[in-house]
Amino acid sequence: MKELNIRKVAGMTAAGWMIIIAVVLFFSYLAIKIIPAYVENGNVVSLMKSTADLGISQESNKEILKKFQTKIGFARMTKLLNKDNYRIEQEATGKYLIVDYDKKLSMFGNISVLIEFEHKQKL
């Protein structure tokens, strides 16, 4: 009679590999769609910091906003930031440039992701 060699089965089936590949591709797709929004956000923050570095806290709010708008124009972010997205607020500790905006990203068909950004920079 033949002896049966019982050995431990190791490895993953093709279906298991397909599931892992699908999950990796899904998260890669999300990263490809979302990361550019955060890169733009980094540019907005650097615009705010460069505006604050001008030392313009003593100027009028209108002049400060005008200089910030000029920087937005040079950075070609006029589609991203309009006049409703930024303002100057006076607080006890000084003036602050506040930028808040939303970025809506289309993912799959009628599924979208809304990312809300809000930053506050002391002038």
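Could you tell me whether LYS122 is modelled with pLDDT of 90 or more, under 14 Å from the mean Cα position of the chain (by Cα) and among the basic types (Lys, Arg)?
Values: modelled with pLDDT of 90 or more: yes; under 14 Å from the mean Cα position of the chain (by Cα): no; among the basic types (Lys, Arg): yes.
For LYS122, the condition - modelled with pLDDT of 90 or more, under 14 Å from the mean Cα position of the chain (by Cα) and among the basic types (Lys, Arg) - is not met.
Which of (1) surrounded by 13 or more Cβ atoms within 10 Å (Cβ to Cβ); (2) modelled with pLDDT of 90 or more does ASN85 not meet, given it meets every other one?
Among (1) surrounded by 13 or more Cβ atoms within 10 Å (Cβ to Cβ); (2) modelled with pLDDT of 90 or more, ASN85 violates only (2).
Looking for whichever is assigned to a helix (DSSP H, G or I) and over 16 Å from VAL39 (Cα atoms) here; the options are LEU65, LEU97. Which one fits?
LEU65
For region 109-119, check the following and say yes or no: at least one residue is of a type in the set (Asp, Glu) and either in a strand (DSSP E or B) or within 16 Å of the chain's Cα centre (by Cα) (or both). Full working, then the answer.
Initial filter on region 109-119 (of a type in the set (Asp, Glu)): 116, 118.
Retained after the next criterion (residues that are either in a strand (DSSP E or B) or within 16 Å of the chain's Cα centre (by Cα) (or both)): 116, 118.
Among the residues of region 109-119, at least one is of a type in the set (Asp, Glu) and either in a strand (DSSP E or B) or within 16 Å of the chain's Cα centre (by Cα) (or both), which makes the answer yes.
Can you tell me which residue in region 50-79 is surrounded by the fewest Cβ atoms within 10 Å (Cβ to Cβ), limited to those that are more than 17 Å from the chain's Cα centre (by Cα) and basic (Lys, Arg)?
Step by step, filter region 50-79, then rank; the result is LYS62.
Within 30 Å of TYR96 (Cβ to Cβ) and touching a residue at least 60 places away in the same chain (Cβ under 8 Å): does that describe MET77? Even if it seems obvious, please write down each step before you answer.
Numbers: within 30 Å of TYR96 (Cβ to Cβ): yes; touching a residue at least 60 places away in the same chain (Cβ under 8 Å): no.
No: the conditions fail for MET77.
The values are calculated or read from the model by the stated rules, or taken from the named source; none is laboratory data. Note that the coordinates shown come from a computational prediction; the quantities given were computed from them, not determined experimentally. Please note: Cβ atoms are built from the backbone with ideal geometry, for glycine as well, and neighbour counts cover all protein chains shown.
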